[in-house]
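The values are calculated or read from the model by the stated rules, or taken from the named source; none is laboratory data. Keep in mind it's a predicted model, so treat the numbers as computed, not measured. Here the Cβ is made from the backbone with ideal geometry for all residues, glycine too, and neighbour counts use every protein chain on show.
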Ligand SMILES: Cc1ncc(COP(=O)(O)O)c(C=O)c1O
């Protein structure tokens with residue numbers, strides 16, 4: 001009896017998971033529990049808490065990848081138990097591919113110098129250390145003081161630069177921002193350079209507004225200054241976001257190792273490198289730019305292995321995932337993804353402009369993001385917009401700019417690969433709803449005065465505004481529905497393409513029948529029509545062959561173009577033409593679309609549903 005009681009109490013497989021005693025009592029929060037619990041119970045407890053986290057795909061604050069192809073998810077799981085230090089093949093391949101992408105001046109069989117990191121922050125620490133050590137060595141050799149190194153940057157730098165400065169005792173000399181100019185001014189930066197400057201750090205894709213800084217101008221001005229002073233102050237490019245954007249959609253832009261003073265570049269694999277969080281890269285121009293004394297060599301894992309990272313062990317899944325993206329997408333795929341992000345950014349930007357309520361602070365040709373501020377924030381501000389959007393599930397940060405521009409508050413939406421056209425349109429729609437709602441709400445400042453003045457009048461005012469709000473929302477809806485109705489059907493074949501296909505099919509049918517007849521098969525003769533038995537058809541054979549060849553050639557050409565344009569499996573799910581254009585919202589779609597695209601569109605909407613507070 002005793003035995004069976006114990007078994008039924010403790011055997012989780014007997015009870016429903018939620019009824020088992022492990023889930024019925026709470027666990028100590030900050031202390032290790034005394035006893036073990038069954039794996040099902042542990043899973044359920046943690047899984048339940050995770051449900052409370054925001055939906056990462058609706059977190060538009062982050063640059064970090066939130067969607068990858070299921071095939072890559074499988075690879076990630078398959079390599080989850082591998083340690084990065086035990087494998088040196090894949091990181092090397094990625095470093096070389098990225099170095100070539102950044103135009104490193106490598107000889108034919110020369111290996112690139114670089115390393116995989118946890119993200120751009122670690123990459124920047126390593127690059128900064130290399131600059132500091134090189135500068136110190138030079139100063140020591142010249143018999144000059146080497147205790148006051150500094151880095152010149154814009155005040156818009158990401159916090160990791162401040163971390164580097166504090167952790168590694170380097171002064172950060174920041175170029176101040178000004179109204180309407182939110183990146184580092186190259187002229188001012190070069191003016192601030194002195195003999196203790198270990199490098200100037202330029203950003204390709206400012207965190208605040210996505211803008212690419214003018215690295216070419218910085219390089220040219222710095223070349224001049226180095227000539228005048230006899231220094232050789234180098235440049236580092238923080239291409240955390242832009243490094244995987246510019247090479248694909250602005251290949252002519254000179255920002256990388258094509259510029260002689262650019263000695264190292266970092267990039268986040270987990271941003272536009274399209275890999276989940278946990279991977280970054282730093283690449284040096286050549287061996288001489290990474291002091292040998294910073295590289296450690298270990299041999300106890302087998303062969304001699306150089307290591308230059310802040311940590312030792314780390315998971316290798318992200319490296320594998322980066323390699324998957326590089327080979328799966330290729331140049332074409334990355335270009336497609338980046339173009340699509342840019343297109344979706346424009347859709348969002350235009351939608352916001354149409355409201356007439358916002359100033360756009362970001363530029364079209366940087367990182368695909370939209371930073372915008374309210375034209376009039378005297379009654380309601382950007383923080384309120386951000387707060388109200390949370391009710392719809394959206395996480396859109398509002399923040400003030402750094403010193404000297406801190407009176408500007410912006411909202412920022414980062415367009416990632418999985419921020420599809422559907423989501424862009426829904427976000428505009430939800431922002432419109434928020435704006436209308438805000439209009440009906442008393443300003444937080446005025447509210448206090450109104451309440452103090454006359455509560456009755458305030459209530460009447462609110463009632464009136466509520467009515468206005470309902471009317472306005474109805475008008476917006478009506479307009480919206482009409483627009484959708486007018487949108488019509490998007491997917492169709494052009495008439496010339498249709499004609500080509502029909503011609504080609506007819507020619508092929510005729511030829512097939514003709515050839516079969518030449519084969520004089522008795523069965524075929526019995527079931528086919530008699531007229532083709534005339535010898536005249538033998539004379540027509542060259543004509544058939546000609547028609548067949550020409551139409552087939554044309555068909556193959558158009559077919560292959562069509563396949564490339566429409567075949568969803570070639571493109572990443574968010575890049576296929578089906579997901580790049582909007583569907584009529586309230587009408588039935590005329591043509592079929594592939595199941596992957598249909599699922600994608602529905603999943604995107606499902607992510608938002610259920611978040612309506
Ligand atoms: C310009 C810039 N540099 C560095 C970083 C830090 O990157 P990570 O998150 O990969 O460490 C960021 C992150 O947003 C960034 O925008």
Are any residues in the range 274-315 crowded, with 22+ Cβ neighbours inside 10 Å, assigned to a loop (DSSP other than H, G, I, E, B), under 21 Å from the mean Cα position of the chain (by Cα) and on the phi < 0 side of the Ramachandran plot, and if so, which ones? 275, 279
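Between 348, 352, which is under 16 Å from the mean Cα position of the chain (by Cα) and either part of a helix (DSSP H, G or I) or under 30 Å from residue 73 (Cα atoms) (or both)? Break it down into steps so the answer makes sense when it comes.
Values: 352 fails: under 16 Å from the mean Cα position of the chain (by Cα).
Checking each option against the conditions leaves just 348.
Working carefully through the options 279, 265, find the one that is within 16 Å of the ligand (Cβ to nearest atom), in contact with a helix residue (DSSP H, G or I) (Cβ under 8 Å, 6 or more places away or on another chain), more than 24 Å from residue 221 (Cβ to Cβ) and assigned by TED's automatic domain parsing to the domain that holds residue 215. Can you show your working first?
Values: 265 fails: more than 24 Å from residue 221 (Cβ to Cβ).
Among 279, 265, only 279 is within 16 Å of the ligand (Cβ to nearest atom), in contact with a helix residue (DSSP H, G or I) (Cβ under 8 Å, 6 or more places away or on another chain), more than 24 Å from residue 221 (Cβ to Cβ) and assigned by TED's automatic domain parsing to the domain that holds residue 215.
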Sole residue being within 14 Å of the ligand (Cβ to nearest atom), at pLDDT 95 or above and out of contact with any helix residue (DSSP H, G or I) (no Cβ under 7 Å at 6 or more places or on another chain), chosen from 240, 141, 165: 165
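Scan the range 181-192 and give yes if some residue there is away from the ligand (no atom under 15 Å from the Cβ) and at pLDDT below 95, otherwise no. Lay out the reasoning, then the answer.
Going through the range 181-192, the residues away from the ligand (no atom under 15 Å from the Cβ) turn out to be 181, 185-192.
After this cut, where a residue has to be at pLDDT below 95 as well, the list is 181.
Scanning the range 181-192, I find at least one residue that is away from the ligand (no atom under 15 Å from the Cβ) and at pLDDT below 95, so the answer is yes.
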Taking the condition at pLDDT 95 or above, touching a strand residue (DSSP E or B) at 6+ places or on another chain (Cβ under 7 Å) and more than 14 Å from the ligand (Cβ to nearest atom), does residue 319 pass? no
Would you mention how many residues in the range 104-121 are over 15 Å from residue 290 (Cβ atoms) and surrounded by 18 or more Cβ atoms within 10 Å (Cβ to Cβ)? 4
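Among 347, 361, 410, which is the only one that is in contact (Cβ under 8 Å) with a residue 40 or more places away in the chain, crowded, with 16+ Cβ neighbours inside 10 Å and closer than 30 Å to residue 597 by Cβ? Spell out how you get there, then give the answer.
Numbers: 361 fails: closer than 30 Å to residue 597 by Cβ; 410 fails: closer than 30 Å to residue 597 by Cβ.
After applying the criteria, what remains is 347.
To keep it simple, each residue is scored yes or no on (1) within 18 Å of the chain's Cα centre (by Cα); (2) within 16 Å of the ligand (Cβ to nearest atom); (3) not in a loop (DSSP other than H, G, I, E, B).
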{"position": "209", "(1), (2), (3)": "yes, yes, no"}
{"position": "224", "(1), (2), (3)": "no, no, yes"}
{"position": "227", "(1), (2), (3)": "no, no, yes"}
{"position": "231", "(1), (2), (3)": "no, no, no"}
